[in-house]
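Shown next, in structure tokens, is the structure this report addresses.
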């Protein structure tokens, strides 16, 4: 069962997304802020990270940059999640090291497609 780390400070978004992903066959672990998310990425080595970009303590932009600079975890795909879908944010997410980008409100079907593209051997 693939492990996804969901780093999201909004409790409602965290709860909704983690339940939907669990029903699709993923093991979901959660972090409420960027600092904890970085710690969990290093400790848990998830198969994929869903990264809210606007987080307390360490924002998603810097957390992703830190992940991608660490040889032990840089291979882990990161999908940016952001409600600030402004011009340039998608490019900024890719520049930070994100492998994919999904604006909020999240289109769950589109998100699943992106997850499966990054983890092709996983359940549908």
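Pairs under 9 Å by beta carbon, first residue closer than 19 Å to residue 117 by Cα in segment 65-78, partner crowded, with 19+ Cβ neighbours inside 10 Å and at pLDDT below 95, six or more apart or different chains?
These pairs meet every condition: 78/93.
Of all the residues that make up segment 71-123, how many are closer than 20 Å to residue 27 by Cα, loosely packed, with under 14 Cβ neighbours inside 10 Å and in contact with a strand residue (DSSP E or B) (Cβ under 9 Å, 6 or more places away or on another chain)?
Residues meeting the conditions: 2.
Looking at segment 1-28 only, could you name the residues that are exposed (fewer than 15 other Cβ atoms within 10 Å of the Cβ), under 18 Å from residue 55 (Cα atoms) and touching a strand residue (DSSP E or B) at 6+ places or on another chain (Cβ under 6 Å)?
none
Only one of 36, 45, 68 is over 22 Å from residue 108 (Cα atoms) and surrounded by fewer than 14 Cβ atoms within 10 Å (Cβ to Cβ); which?
Numbers: 36 fails: surrounded by fewer than 14 Cβ atoms within 10 Å (Cβ to Cβ); 68 fails: surrounded by fewer than 14 Cβ atoms within 10 Å (Cβ to Cβ).
From the options 36, 45, 68, the qualifying one is 45.
If you check residue 93 against the conditions, is it modelled with pLDDT under 95 and under 13 Å from the mean Cα position of the chain (by Cα)? Break it down stepwise before answering.
Numbers: modelled with pLDDT under 95: yes; under 13 Å from the mean Cα position of the chain (by Cα): yes.
Yes, satisfied.
The values are calculated or read from the model by the stated rules, or taken from the named source; none is laboratory data. This one's a predicted model, so the numbers in the text were calculated from it and none came from an experiment. Methodologically, a virtual Cβ is constructed for each residue, glycine included, from the backbone with ideal geometry; neighbour enumeration extends over all protein chains shown.
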